[in-house]
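Presented below is the structure to which this report refers.
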């Protein structure tokens with residue numbers, strides 16, 4: 001798992017790539033905490049997620065809630081990878097109100 005900060009149109013976009021599973025949860029959590037501390041609106045590109053499980057989805061939800069509590073929001077940049085979308089649909093996270101827009105078919 002890797003979280004890389006990119007610039008798109010002068011705004012930061014954080015690309016999540018690789019395996020986003022329980023084995024990588026601590027590293028992803030730390031990376032997301034650092035990103036949240038530096039941004040009110042966090043744009044995530046999850047198109048490079050190769051594998052995802054419930055811990056990845058829990059971290060996305062926690063990130064969205066933290067940003068919302070601070071007056072911000074979590075936004076998706078680009079498409080959702082098939083692995084992340086499958087995990088969200090199977091687990092029900094795709095229908096969670098705080099993540100429904102993140103996992104919608106709209107870009």
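Structure values in brief
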read-out	value
Answer residue from segment 5-26, given it is modelled with pLDDT of 95 or more and outside any strand (DSSP E or B) and is farthest from the chain's Cα centre (by Cα) among those	23
Hits in segment 66-98 (condition: surrounded by 16 or more Cβ atoms within 10 Å (Cβ to Cβ) and over 18 Å from residue 40 (Cβ atoms))	80, 81, 83, 84, 85, 87, 88, 91, 93, 94, 96
Test result for residue 50, touching a residue at least 12 places away in the same chain (Cβ under 8 Å), part of a strand (DSSP E or B) and surrounded by fewer than 16 Cβ atoms within 10 Å (Cβ to Cβ)	yes
Criterion: in contact with a helix residue (DSSP H, G or I) (Cβ under 9 Å, 6 or more places away or on another chain) and exposed (fewer than 12 other Cβ atoms within 10 Å of the Cβ) - qualifying residue of 21, 40	40
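The values are calculated or read from the model by the stated rules, or taken from the named source; none is laboratory data. Remember, it's a predicted structure, so these values are computed and weren't measured experimentally. Here the Cβ is made from the backbone with ideal geometry for all residues, glycine too, and neighbour counts use every protein chain on show.
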